[in-house]
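Student: Below you'll find the structure I mean.
Please treat every number below as a calculation from the coordinates, not as lab data. Model, not experiment: these values are computed from the prediction. Cβ placement follows ideal geometry from the backbone for every residue including glycine, while neighbour counts extend to all protein chains displayed.
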Amino acid sequence: MENCTLVNTDFLNTLPELSDDQKIYLNSFFATINKETSYDNRKAAWKRFVDDYNNSNYSLDSSSLCSLFFDYIYSGQHTDLKPAISWFTNQDILKTSNLGLAMKRQSLQSYSAFHTWSYENIQSFWNDSLTSLNIKFKNSPSTIFKESNKPFSPQWLPNASMNIIDSCFNAPDSRTAIIQNDPDGNLLSFSYLQLKTLTNQVANTLNLSGLKKGSSISYIGPMTFEGTAIYLGIIAAGMVAVPIPDSFSSEAIKRRSDIANCKLLFITHAYPRQSKVIELYDKAIQQELPPIVAINSMNRDIKLPRPQDIFWNNWLSNDATPYSYASDPNDTMTILFSSGTTGDPKAIPWTHTTPIKAAIDGYYHQDIKPEDRVCWPTNLGWMMGPWLIFASLINRSTMVLFEGSPLNIDFSNFITQSKVTILGTVPAMVSHWLKSDWFKTCDWTSIRLFSSTGERSNSRHYFKLMAKLKFKAPIIEYCGGTEIGGGYITNSIVQDLASSTFSTPAVGLNFYLYDDRQSIISSGEGEVFIQAPSIGLSQTLLNKDHDKIYYLNTPLSSHGIPLRRHQDQFRILEGGYFQATGRVDDSMNLNGIKVGTGDIEQVINAISYIQESAAIAVPSEGNGPDLLVIYVVCLDDSLSDHMLKRQLQRAINVDLNPLFKIFDVKQLPSLPKTASNKIMRRDLRTVYQRESSTN
């Protein structure tokens with residue numbers, strides 16, 4: 001949260017939202033806090049406030065008031081390097097969470113000790129994880145891993161045979177596997193038996209198709225019950241699933257299909273989205289593509305113009321005999337693509353071991369249990385789609401899929417009706433929720449945990465999201481990537497948490513922060529280097545030099561093993577917390593001071609009339625020092641660029657550094673982003689320099 005100065009409690013008397021009894025209580029409460037109150041005592045005071053907040057004797061309906069009181073309690077003690085704890089773990093969580101139970105099982109008294117054990121004892125940790133997840137093998141491995149000529153890329157689970165799909169159906173047949181909505185807003189439920197049956201039908205039909213084992217097959221469409229079964233069925237058949245985001249252009253779809261050498265495509269013919277119909281099949285066949293199985297989900301009276309294509313209902317066999325091909329654990333079972341939309345994206349193979357990483361992250365960090373209902377608005381073409389499938393199903397929980405925009409009241413009602421317990425978010429989504437009228441009255445009391453990924457979050461926004469549920473549901477930050485198979489830095493519910501910070505490396509791995517001189521740092525800001533090996537970390541790329549990208553000229557671990565490059569930057573905070581500061585290639589040097597774009601954007605985005613922003617650095621004349629240019633999406637279109645520049649500069653002077661001078665400000669109706677919601681700063685930089693050269 002932002003710094004603030006201690007204020008007199010007379011301000012309470014000016015708040016019409018408070019009753020007289022509430023004012024009396026709060027005056028007496030805040031009277032215990034003064035400028036000399038220590039940070040630890042303030043933290044204890046906030047915990048006491050949260051406990052009282054949940055007491056029926058008084059209730060505060062305004063998250064803004066909670067923010068005000070939070071600032072008051074921590075005022076004068078919180079600094080940029082000392083995070084203000086906003087959510088607290090408790091003994092019940094330590095006794096009942098998956099992490100707490102594992103710590104007890106290993107006779108470890110602290111989370112820190114458990115995490116250290118997880119990456120220092122690779123064989124023991126992953127063996128325990130395979131047991132906890134009940135991973136199924138057709139032939140058991142002789143050991144967890146066998147060293148290869150590349151110490152950062154061992155052979156996982158040698159001498160084993162398996163199909164990861166077998167581990168997705170450990171739940172009772174009658175348990176609900178998937179809940180989704182239909183176009184009329186009704187809830188549809190599908191059991192594990194129904195999902196298994198359709199998965200087997202897909203696998204058996206593929207076996208009759210003449211395609212060879214290891215063939216690449218794409219799915220392009222919404223994340224639905226049928227889409228999930230198609231994805232699982234491809235893998236069960238011993239083939240390679242290649243999900244591609246349905247939002248892509250026909251050219252981008254073809255490029256990815258070609259890179260993966262797809263032999264067959266499953267494509268949803270068309271589907272409704274808000275007031276429109278998305279004609280996905282018609283878009284796709286603008287390019288020359290392999291044969292297509294078209295899913296006529298809208299049951300329209302249509303014909304397919306290409307003779308090699310066939311409708312789903314005509315293609316699918318009735319044979320539901322259980323089938324899964326015995327694969328080597330290191331065989332590719334999925335190909336996913338990096339989020340770039342120009343040029344050739346990285347094609348990243350997932351093996352049958354990668355879902356184990358997704359599932360164990362979900363087990364320990366999101367604390368997924370069989371009784372949970374897990375919703376994370378995403379698409380199968382992005383890693384969080386397959387992650388959601390494996391993290392949910394391997395942990396025997398229910399996956400909740402919403403077809404439509406997660407920004408409107410229909411989504412909110414769906415969350416309420418389906419009784420979601422774990423909800424995944426991205427910061428831009430939360431920002432939109434907070435500005436929506438429906439959010440003020442929505443009933444999300446079934447939610448016990450949020451998790452956030454995709455981009456750096458706004459601490460104010462996430463504080464208000466927690467306040468909505470009276471701080472009963474923590475927000476688990478989760479940062480990683482497709483090539484990680486999950487996260488490498490995150491939070492845990494057995495630790496106290498501060499909004500928009502990270503509290504731990506993910507279980508099973510570790511990382512170090514290095515400065516520009518390639519030295520490990522214990523304070524300040526540095527670049528992340530991940531300690532390999534770990535299940536989940538990619539070992540190959542289809543179309544690029546994997547080891548050059550991730551390991552060439554990287555620092556060595558204490559064991560002499562090259563550390564893995566990821567190009568994220570973090571700042572070390574007090575108490576073992578971390579704060580994301582951006583990408584290595586997004587940093588800039590202003591007046592001799594290195595600063596991340598995220599630092600600047602966080603200040604700008606805190607201004608009430610700014611919806612979002614992007615900071616870029618452009619070279620001054622003669623390739624000289626960086627000049628700061630800021631693009632903004634402004635809610636107030638009456639402001640001139642000149643007036644806007646003055647106000648943004650004032651905010652940077654106060655909240656960041658007056659040496660960071662804004663050179664130019666540009667207003668846009670929206671910022672260019674990749675399909676996974678990452679701001680395309682390089683494109684903005686290119687456009688700005690091109691426009692500047694012509695002026």
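Student: With θ taken as phi - 60° and the coefficients 6.51, -1.76 and 1.60, list the Karplus ³J(HN,Hα) couplings across segment 626-632 in order, rounded to whole Hz; mark glycine and proline as x.
Tutor: 5, 10, 8, 10, 10, 9, 9
Student: Counting only C-alpha contacts under 8 Å and six or more residues apart, can you give the relative contact order of segment 591-694 as a whole percent?
Tutor: Reported relative contact order: 26 percent.
Student: Based on the alpha carbon coordinates of segment 301-422, what radius of gyration and maximum Cα-Cα distance (Dmax) apply, in Å?
Tutor: When restricted to the Cα atoms of segment 301-422, Rg and Dmax are 17.9, 49 Å.
Student: Would you kindly calculate the translational diffusion coefficient of segment 164-404, applying Stokes-Einstein with the Kirkwood radius from alpha carbon pairs, for 37 °C and a viscosity of 0.692 mPa s, and quote it in µm² s⁻¹ without decimals?
Tutor: Value of D from the Cα-based Kirkwood radius: 183 µm²/s.
Student: Whole-Hz ³J(HN,Hα) for each residue in segment 644-655, computed from phi via Karplus 6.51 cos²θ - 1.76 cosθ + 1.60 with θ = phi - 60°, x for glycine and proline: what do you get?
Tutor: 4, 4, 4, 6, 5, 4, 4, 5, 5, 4, 7, 9
Student: May I have the convex hull volume per residue, in Å³, for the Cα set of the chain?
Tutor: Spread over its residues, the Cα hull of the chain gives 177 Å³ apiece.
Student: What's the longest bit of the chain with no exposed GluC sites (Glu not before Pro), using DSSP loop states and at most 13 other Cβ atoms within 10 Å as the test?
Tutor: Counting only loop sites that pass the neighbour cut-off, the longest clear stretch is 372-620.
Student: Still on this structure: Residue by residue through segment 421-433, which ³J(HN,Hα) values in whole Hz follow from phi under the Karplus form 6.51 cos²θ - 1.76 cosθ + 1.60 (θ = phi - 60°), with glycine and proline marked x?
Tutor: Ordered by residue, 3J(HN,Hα) equals 10, 10, 10, x, 9, 10, x, 5, 5, 4, 4, 5, 4 Hz.
Student: Another question, then. Starting with the fewest neighbours, write out I549, I217 ranked by other beta-carbon atoms found within 10 Å of each beta-carbon.
Tutor: In order of increasing Cβ crowding within 10 Å: I549, I217.
Student: Suppose R0 equals 30 Å. What FRET efficiency, 1/(1 + (r/R0)^6) with r the Cβ-Cβ distance, do K95 and Q123 give to the nearest 0.05?
Tutor: It comes out at approximately 0.60.
Student: Might you report the magnitude of the Cβ-based charge dipole of segment 591-694 about its Cα centre, with Lys and Arg at +1 and Asp and Glu at -1, to the nearest 20 debye?
Tutor: Roughly 220 debye for segment 591-694.
Student: Ok, one more. Express the relative contact order of the chain as a whole percentage, based on alpha carbon pairs under 8 Å and six or more residues apart in sequence.
Tutor: 11 percent
Student: So if I place +1 on the C-beta of Lys and Arg and -1 on the C-beta of Asp and Glu, and nothing else carries charge, what would the dipole magnitude of the chain be about its Cα centre? I want it in debye, nearest 20.
Tutor: So the dipole magnitude of the chain works out to roughly 980 debye.
Student: Whole angstrom only: what separates the Cα centroid of segment 513-540 from the Cα centroid of segment 177-219?
Tutor: 39 Å
Student: Round to a whole angstrom and tell me the spacing of the C-alpha centers of segment 637-695 and segment 116-150.
Tutor: If we compute the Cα centre of each part, the gap is 48 Å.
Student: Sticking with this one: Find the centroid of the Cα atoms in segment 559-621 and in segment 329-404, then give the distance between the two in whole Å.
Tutor: Cα centres, segment 559-621 to segment 329-404: 27 Å.
Student: Further question: Taking Cα atoms, how many degrees apart are the long axis of helix 409-418 and the longest axis of the chain, rounded to 10 and kept between 0 and 90?
Tutor: Around 70 degrees separate the two axes.
Student: Per DSSP helix of 4 or more residues, -39500 (n - 2.57); summed, then divided by the residues of the chain. What does that give at 222 nm, rounded to the nearest 500?
Tutor: Rounded to the nearest 500, the figure is -9000 deg cm²/dmol.
Student: At a 10 angstrom cut-off on C-beta neighbours, averaged per residue, how do the peptides 254-265, 492-503 rank from highest to lowest?
Tutor: The peptides rank, most packed first, as 492-503, 254-265.
Student: Related question: State log₁₀ I(q)/I(0) for segment 591-694 at q = 0.10, 0.20, 0.24 Å⁻¹ as given by the Debye formula over alpha-carbon point scatterers of equal weight, solvent excluded.
Tutor: -0.26, -1.10, -1.53
Student: Then there's this: Amide H of K138: which non-local residues (sequence gap of 5 or more, or other chain) have their own amide H closer than 5 Å, using H built in the peptide plane?
Tutor: Here the answer is S161, M162, N163, since their amide H atoms fall under 5 Å of that of K138.
Student: Express in nm, to one decimal, how much length is gained between S38 and F663 on full extension, taking 0.36 nm for each residue of separation and deducting their alpha carbon distance.
Tutor: 220.9 nm
Student: A follow-up question, please. Would you please give the residues with an amide H less than 5 Å from that of L264, counting only those at least 5 places away or on a separate chain, with H modeled from the backbone geometry?
Tutor: S218
Student: Determine, from the Cβ-Cβ distance of L556 and D184 and an R0 of 56 Å, the FRET efficiency 1/(1 + (r/R0)^6), rounded to the nearest 0.05.
Tutor: Step by step, r from the Cβ atoms, then E = 0.40.
Student: For V603, V584, V400, what's the fewest-to-most ordering of other Cβ within 10 Å of each Cβ?
Tutor: V584, V603, V400
Student: Please report T425, T116 as a ranked list, fewest other C-beta atoms within 10 angstrom at the top and most at the bottom.
Tutor: Listed from fewest to most nearby Cβ atoms, that is T116, T425.
Student: Summing +1 for each Lys or Arg and -1 for each Asp or Glu, what net charge is found among the other residues whose Cβ lies under 12 Å from the Cβ of T445?
Tutor: Result for the local shell: +4.
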